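A quick write-up on the structure given underneath.
Read the figures in this text as sums done on the coordinates, not as results from a lab. Here the structure is a predicted model, which means the values were calculated and not measured. A quick note on method: Cβ atoms are made from the backbone with ideal geometry, for glycine too, and the neighbour counts reach across all protein chains shown.
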Amino acid sequence: MTMLFGVPLAVLYGQLLLGLINGAFYALLSLGLAVIFGLLKIINFAHGALYMLGALCAVVLLNTLGVNYWVALILSPVLVGIFGIFLERFLLRRIAHEDHIYSLLLTFGIALVIQGVFTNIYGVSGMRYPIPEALRGGVNLGFMFLPYYRAWVIVAALVVCFGTWFMIEKTKLGSYLRAGTENAKLMQAFGINVPLLVTLTYGFGVMLAAFAGVLAAPIYSVSPVMGANLLIVVFAVVVIGGMGSIIGAVLTGLGMGIIEGLTKVFYPEASSTVIFLVMVVVLLLRPAGLFGKEA
Amino acid sequence: MSQSLSSVAVHNVGLEQQRRSDRRRLIFQLVLLALALAAPFVIYPVFLMKVLCFALFAVAFNLLLGYVGLLSFGHAAFLSTGGYTTGYLLTTYSGLTPELGILAGTATATMLGLVFGLIAIRRQGIYFAMITLALAQLVFFFYVQSDFTRGEDGLHGIPRGNLFGVISLQDNLSMYYFVLAIFVLGFALVQRTINSPFGYVLKAIKENEARTTSLGYNTDHYKLVAFVISAALAGLAGSVKTIVFQLASLTDAHWHMSGEVVLMTLLGGVGTLLGPVIGAAFVVSLEHQLAQGPLGDWVNVILGGIFVICVLAFRAGIVGEVQKFMKKNFN
């Protein structure tokens, strides 16, 4: 067997793949956070809970209505996105003019409620979600075994991230969004319906989280607490990358996933903490984050 | 500019009034202290000690959020660090007296606060909250993996020992008065801090950091000192709590605990001296009541709901709303 630094290459590639998958989730979630932050100027502490709702929604759709994976991949984000729109319209908007710390605390409270309610209904033990038929099995690449579903997760996440980038940077709607990020008041004066844009933006960010949740359902066990710890890691990723650019969020997410995977190979004890350590180093060397603008 | 001039004028006119309200506050606090001294004869002392520990924790947290405008989402790290250090030392070295254990726990939390502070004050606003949360999670994982914390089990049967080697703390009543003394000291320290020239600079940073910088103050330095004081007092609360319950566990290190102290402060009244104490008493009592009843599983949902209601309808908190009411009707 080929070895690198005393580690079999197959193990190394396997962990790299796992790292890349984790990175894909970090990318999707931090992208959603960045999109929401751009216009609303808040950090959505409910993001982890909404990611969990996406996964849970897919499980419930399958078990009660027999809705298959491919439909759930669209339907679940839409349903959770609508829920997000309600949250923005009826809760977040009421205090949009207050200090942003209050919005942050509001989303934290919402997260506690969502997580608590579903913990009471489903318990904390994980539920299984079967891998869709078409993506079972895998292919032997010679140097490693690649399960189809894992490849699909990476491709789907990258496509969605790229689509989001395209929409924001290249379309008219995206130009409104960017203008709103720069100066919302001025844009409203130009006759653009900013409150509607804010609602849709929040809904879109929530959809990204729920989409990540459905993607995650067949790999990780689905439970009401699946989003909470993940969100804290994503926060660290956001701090590392800075919320300046979309490409930055995606690259940082993937990069951190890979670093985490490598740590699992060479020094497993630190694998759960390495991203936080990277965050500390980045803050000391470049406080605005790798892709952030200096404030 | 004109705004600051007019506020200076108001300040001068109000000096006499300020002195009178200071005296009124002192009398009010003495009455509260008398009530606290009598309380263990009416209410179960262990419950009261729990309230006092969390009250001190929330008072420490409020020094940052209420008077510097910094939202720390990582204060559980200081509470647990104080607790684990004290618990580990007292179980390992049987000759150690509790006050030395508490001093060591507080000192360790203070050092951790210095490290957190140096890293976290490099960013502002919501980034500050995210960074403190991530750093606290780092500490949490450290305690999960370390041997000396005994992981999920935690440290049990930590001896209460004899205070100064003389007074036994086994008796809940003597323990209570010790905890009360520490709480009063911590509270007095925070009150003294925010009413000092240093505290006025902190408030200035909260109102307008850029202007404070332009007046020649090194705001990072002030923020760091405030952060370290807050961490030290949170560590003190954790150390004392460990001795009271003879237990140090991961619960105190979890991000949930960081959220809970935010809730206590918010509910009681951010930026009021007594608010965090009232908030802590309310949350601890509520959890205590719910844990016994049929709603035990719904504690988190209810706490989250209170969070949402507080933020939406009730941002000044209990004490803040009462103050508003008093001002409107009695001044």
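Around the amide H of residue A:127, modelled in the peptide plane, lie the amide H atoms of A:222, A:223, all under 5 Å away and 5 or more residues distant in sequence or on another chain. Over the stretch B:44-253, the ratio between the Cα radius of gyration and 2.2 N^0.38 Å evaluates to 1.04.
The phi-based Karplus calculation (6.51 cos²θ - 1.76 cosθ + 1.60; θ = phi - 60°) puts the 3J(HN,Hα) values of the stretch A:171-182 at 10, 5, 4, x, 5, 4, 4, 5, 4, x, 5, 6 Hz, whole numbers, x for Gly and Pro.
Considering only alpha-carbon pairs that sit under 8 angstrom and 6 or more positions apart, the relative contact order computed for chain B is 30 percent.
Measuring r between the beta carbons of residue A:182 and residue B:115 and using R0 = 30 Å, the FRET efficiency lands at 0.25. Label sites at residue A:146 and residue A:190, each approximated as a point 7 angstrom past Cα along Cα to Cβ, lie 4.3 nm apart. Lysines within cross-link reach of residue A:185: Cα-Cα under 24 Å, excluding same-chain residues under 8 positions apart? Correct list for residue A:185: A:41, A:170, A:172, A:293. Per residue of peptide B:299-311, the mean number of Cβ atoms on other chains within 10 Å of the residue Cβ is 6. Measuring r between the beta carbons of residue B:203 and residue B:19 and using R0 = 30 Å, the FRET efficiency lands at 0.95.
If you plug the beta carbon distance of residue B:297 and residue A:155 into 1/(1 + (r/R0)^6) with R0 = 45 Å, you get a FRET efficiency near 0.65. Note on residue B:327: lysines with a C-alpha under 22 Å away, same-chain residues under 8 apart excluded, are B:203.
Think of it as helices only: each DSSP H run of n ≥ 4 in chain B is worth -39500 (n - 2.57), and spread over all residues that comes to -25000 deg cm²/dmol at 222 nm. Computed packing ranks the peptides A:28-41, A:264-277 as A:28-41, A:264-277, most packed first, by mean other Cβ atoms within 10 Å. Counted by Cβ distance under 13 Å from residue B:219, the other residues give a net charge of +2, where Lys and Arg count +1 and Asp and Glu count -1.
Residues whose amide H lies under 5 Å from that of residue B:163, counting only those 5 or more places away or on a different chain, are B:168, B:169; hydrogens are built 1.01 Å from N in the peptide plane.
Helical runs (DSSP H, four residues minimum) scored at -39500 (n - 2.57) apiece and divided by the length of chain A put the mean residue ellipticity at 222 nm at -23500 deg cm²/dmol. In the stretch A:166-232, the convex hull through the Cα atoms has an average projected area of 6.1 nm², a quarter of its surface area.
Remark: mean inter-chain Cβ contacts per residue of B:139-150 equal 2, using a 10 Å Cβ-Cβ cutoff to other protein chain atoms. Peptide A:95-108 is shielded by partner chain Cβ atoms: per residue, an average of 5 of them sit within 10 Å of its Cβ.
In whole angstrom, note down how far apart the Cα centers of the stretch B:245-299 and the stretch B:145-171 are. Taking the Cα centre of each part, the stretch B:245-299 and the stretch B:145-171 sit 22 Å apart. Spatially, the stretch B:35-111 and the stretch B:16-33 are offset by 27 Å when compared through their Cα centroids. Report, in whole Å, the centroid distance computed from the Cα atoms of the stretch A:191-223 and the stretch A:18-74. Each part reduced to its Cα centre gives a spacing of 6 Å. Distance between the pseudo-spin-label points of residue B:217 and residue A:247 (7 Å out from Cα toward the beta carbon): 4.2 nm.
Taking the number of Cβ atoms within 10 Å of each Cβ as an exposure proxy, the fewest-first ranking of A:74, B:302 is A:74, B:302. A simple count of charges around residue A:282, restricted to other residues whose Cβ falls under 11 Å of its Cβ and scoring Lys, Arg +1 and Asp, Glu -1, yields +3.
Panel values: the stretch A:195-294, Kirkwood radius from alpha carbon pairs, Stokes-Einstein at 4 °C and 1.567 mPa s, translational diffusion coefficient 86 µm²/s. Placing a label point 7 Å from the Cα of residue A:284 along the Cα-to-Cβ direction, the residues of the stretch B:82-123 whose backbone N falls under 16 Å from that point are B:112-123. Rounded to a whole number, what is D in µm²/s for the protein assembly as shown from Stokes-Einstein with the Kirkwood radius over alpha-carbon pairs (20 °C, 1.002 mPa s)? After rounding, the answer is 82 µm²/s. Coordinate range of the alpha-carbon atoms in the stretch A:8-285 per principal axis, descending: 61, 51, 35 Å. Round to the nearest 10 and give me the degree value, 0 to 90, for the angle of helix A:148-170's Cα axis relative to the longest principal axis of chain A. Roughly 30 degrees, rounded to the nearest 10. Axis of helix A:69-90 versus longest Cα principal axis of chain A: the two differ by about 30°, to the nearest ten degrees.
Along the stretch B:210-218 the Karplus relation, 6.51 cos²θ - 1.76 cosθ + 1.60 evaluated at θ = phi - 60°, assigns HN-Hα couplings of 4, 5, 4, 4, 5, 7, x, 8, 7 Hz to successive residues, with x for each Gly and Pro. For a straight C-alpha distance cut-off of 29 angstrom, the lysines reachable from residue B:241 (same-chain residues fewer than eight places away being disregarded) are B:50, B:223. Each of A:149, A:129 has some number of other Cβ atoms within 10 Å of its Cβ, and from fewest to most they run A:149, A:129. Using the average count of surrounding beta-carbon atoms within 10 Å as a protection proxy, the listed peptides B:320-327, A:212-219 rank, highest first, as A:212-219, B:320-327.
Counting Lys and Arg as +1 and Asp and Glu as -1 over every other residue whose Cβ lies under 14 Å from the Cβ of residue A:195, the net charge comes to +3. In the stretch A:2-81, Rg over Rh equals 1.16, where Rg is the alpha-carbon radius of gyration and Rh the Kirkwood radius from pairwise Cα distances. Normalising by residue count, the stretch A:1-150 has a Cα convex hull of 159 Å³ per residue.
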